[in-house]
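Bear in mind that the values in this text are calculations on the coordinates, not laboratory data. Remember, predicted model here, so these are calculated numbers, not experimental data. Heads up, the Cβs are rebuilt from the backbone with ideal geometry, glycines too, and the neighbour counts pull from every protein chain shown.
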Amino acid sequence: MADKQIDPALIADHNQNALADMLADYDALGAKLARQNVDIEQLTQKAVDFGVAIPSWGVGTGGTRFARFPGLGEPRNIYEKLADCAVIAQLSQATPTVSLHIPWDRPDDPAELRETAASWGLGIDAMNSNTFQDHDDMPLSFKYGSLSHTDEAVREQAIAHNIDCIEIGQKLGSKALTVWIGDGTNFPGQQSFTRSFERYLEAMKKVYAALPDDWRVFIEHKIYEPAFYSTVIQDWGSNYLAAKELGDKAQCLVDLGHHAPGVNIEMIVARLFQFGKLGGFHFNDSKYGDDDLDAGSINPYQLFLVFNELVDAELSNPSGFNPAYMLDQSHNVTDPIESLISSAVEVQRAYIQALLVDRAKLADYQDTNDVMMANRTLKSAYITDVSPILAMARHRAGGAIDPITTYRATGYRETVGKQRPARKGSGGGIV
Ligand SMILES: [Mn+2]
């Protein structure tokens, strides 16, 4: 029996107030969908079964390159981060796992950490390595790169760190390692594109060799930042080449914020899946660059189009479909718990909307080049308000019909604000 962070009676109380309206909306939507031969109960079950991982670092307040403004009651260690994640999971019923980061979350006792997480009903998702900053316990600097560094000793240090992450992850019940490197250049001529990529591949082969049989490694590409002229794994092309070179357990991870503005990310999703290399997602939203804003807050249609490809992929090849979903956001001006609840709901919403697409009709319109009706088929799913389905799914699973309002009523933030003194610090950073 999992411990509860929030008193279930308080959630039940709030749900009671919202229940009649929610049921009326659910029935009305059910009747509308029935006219389209869609069973609302099936969609509700899909929503209940849906999950997206929370990144441990997401529950802290982030910053920019300029400053970081501390939030109230920020978690100070992995146990406090897990406590916040448990609140999100309990209210949203859409975030059953947490993704950890080493060294930020390095546990003294992995077995105990795993048990604590499980007591809150949380599993451990992918492990994230970090060679984009220096570590106190490592002799060499990653200033000029890590897995692609010119110095073999630095590469070996980066390889050892990734293997360490795998070993910790095994003790925690994780099944995947996510590798994002900051390696790249700021100036033309600084490094050879080819030799850097060769060194990276050679190093990653050693990390790959340390993967247990039932593990995967996700390679995350990023167009720029912290390197401003070139990065070693810049785009999905380089990512695909690396994953292909490494083997079947290596797959590509798509972070929605890691592309140039205007790039057709949903098409990248389709391509990677078609060739067996779609590993997973980091969901967030952006206006200009890697803004790490809340999923669905800027461009919800793009999120829907991504899920349209994912649903299509799942239907076309269910046995080959196993992408890992995680939110990867930085919360500078909102309560991170509220942002993560809201984002999980938006990702879940895009999934349910995508399930509404009439795929038989869409295929007919595509085959007959009926451009207008093909597009309208997608749009009619996208403009359907599936909120009652999401609310019903939460309600049935023990979550909150209105999770953010309920969260505010718990006084959780004020309580942890008293227990956890603010961390000062003028530095920026995404952490
Ligand atoms: Mn990411």
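Remark: the ASP108-ASP134 segment gains 7.3 nm on full extension, using 0.36 nm per residue and subtracting the alpha carbon distance. In the chain, helices alone account for a calculated mean residue ellipticity at 222 nm of -15500 deg cm²/dmol, with every DSSP H run of four or more residues adding -39,500 (n - 2.57). If the segment from GLN42 to ALA28 were pulled out straight at 0.36 nm per residue, it would be longer than the present Cα-Cα gap by 3.5 nm.
Can you give the extra length, in nm with one decimal, that the chain gains between GLU156 and ARG376 once fully stretched, where that is 0.36 nm per residue apart less the Cα-Cα distance?
Working: separation 220, 0.36 × 220 = 79.20 nm, distance 5.34 nm.
Taking 0.36 nm per residue and subtracting the Cα distance, the gain is 73.9 nm.
Please give the net charge around GLY296, taking every other residue with its beta carbon less than 12 angstrom from that of GLY296, where Lys and Arg add +1 and Asp and Glu add -1.
Net local charge, GLY296 excluded: -2.
Sorting the segments 334-343, 159-168, 363-372, 406-415 by their residues' average number of neighbouring beta-carbon atoms within 10 angstrom, most packed first, yields 334-343, 159-168, 406-415, 363-372.
Calculated on C-alpha atoms, the gyration radius of segment 245-381 divided by its Kirkwood radius gives an Rg/Rh of 0.99.
Cβ crowding within 10 Å, taken as a proxy for footprinting-reagent exposure, orders ILE54, ILE11, ILE40, ILE383 from fewest neighbours to most as ILE383, ILE40, ILE11, ILE54.
Binning all Cα-Cα separations of segment 51-356 at 20 Å, short to long from zero, yields these whole-percent fractions: 34, 62, 4. Across segment 211-219, rounded Karplus estimates of 3J(HN,Hα) from the backbone phi angles (6.51 cos²θ - 1.76 cosθ + 1.60, θ = phi - 60°) give 6, x, 4, 9, 9, 10, 10, 9, 9 Hz, Gly and Pro being marked x. Taking segment 39-82, how much of its Cα-Cα pair set, in percent, is spaced more than 14 angstrom apart? Across segment 39-82, Cα pairs with separations above 14 Å total 65 percent.
Sorted ascending by nearby beta carbons within 10 Å, beginning with the fewest, ARG394, ARG359 become ARG359, ARG394. Using only alpha-carbon positions in segment 170-321, the gyration tensor eigenvalues give semi-axes of 24, 22, 14 Å once each is multiplied by 5 and square-rooted (largest first). In the chain, taking the dipole from charged Cβ atoms about the Cα centre, the farthest positive-side position among VAL48, TYR382, LEU278 is held by TYR382.
Spin-label model, GLU167/ALA260: points 7 Å from Cα along the beta carbon direction are separated by 4.2 nm.
Each of ARG35 and ARG65 was given a label point 7 Å from its Cα along the Cα-to-Cβ line. The distance between the two points is 5.3 nm. Modelled spin labels at ARG359 and ARG396, positioned 7 Å past Cα toward Cβ, are 2.1 nm from each other. Distance between the C-alpha centres of segment 245-306 and segment 1-60: 26 Å, rounded to the whole angstrom. Here the chain carries DSSP beta bridges of which approximately 10% are antiparallel, counting only pairs with both residues inside.
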